[in-house]
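Here's the structure we're looking at; comments come further down.
Readers should treat all values here as calculations from the given coordinates under stated rules, not as data from a laboratory. These numbers come from a predicted model, not from an experiment. Note that we place each Cβ from the backbone using ideal geometry, even for glycine, and neighbour counts take in every protein chain shown.
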Amino acid sequence: MSREIDIERWPRKRQYDFFKDFDYPHFNISANIDITEAFHYTKTKKTSLFKTILYVSMKTINAIPEFRTRIRDNRIIEHDVIHPSFTVDVEDNQFSFCNADYDEDINRFFLNAE
């Protein structure tokens, strides 16, 4: 599900007006993050560090409305949930694009991301 945001009443209208005419209206950030707890979790549960970090990232993204917001056909759309897309290593040093359904339950998410 999703809902359209009224641009004229949207508190982020100024930012929208600035970015809307860019060919790629995206903004990227990076940060150093302490993943010690996630690392220990994967060792205890014998699970994938990648899937654990992906789950925590998606849980955080889905908790913040601005991260669920997209520009679609010059309209501002806030989605109820965002699903991850990622790359995985396949044979011969190649990679493949993958999608997985986000689920709040970590075990179901891990199955979806398999």
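Going from the residue with the fewest nearby Cβ atoms within 10 Å to the one with the most, TYR102, TYR16 rank TYR16, TYR102. Relative contact order for the chain: 24 percent, from Cα pairs under 8 Å spaced at least 6 residues apart, divided by residue count. Across the alpha-carbon set of the chain, the Rg to Rh ratio works out to 1.03, Rh being the Kirkwood radius.
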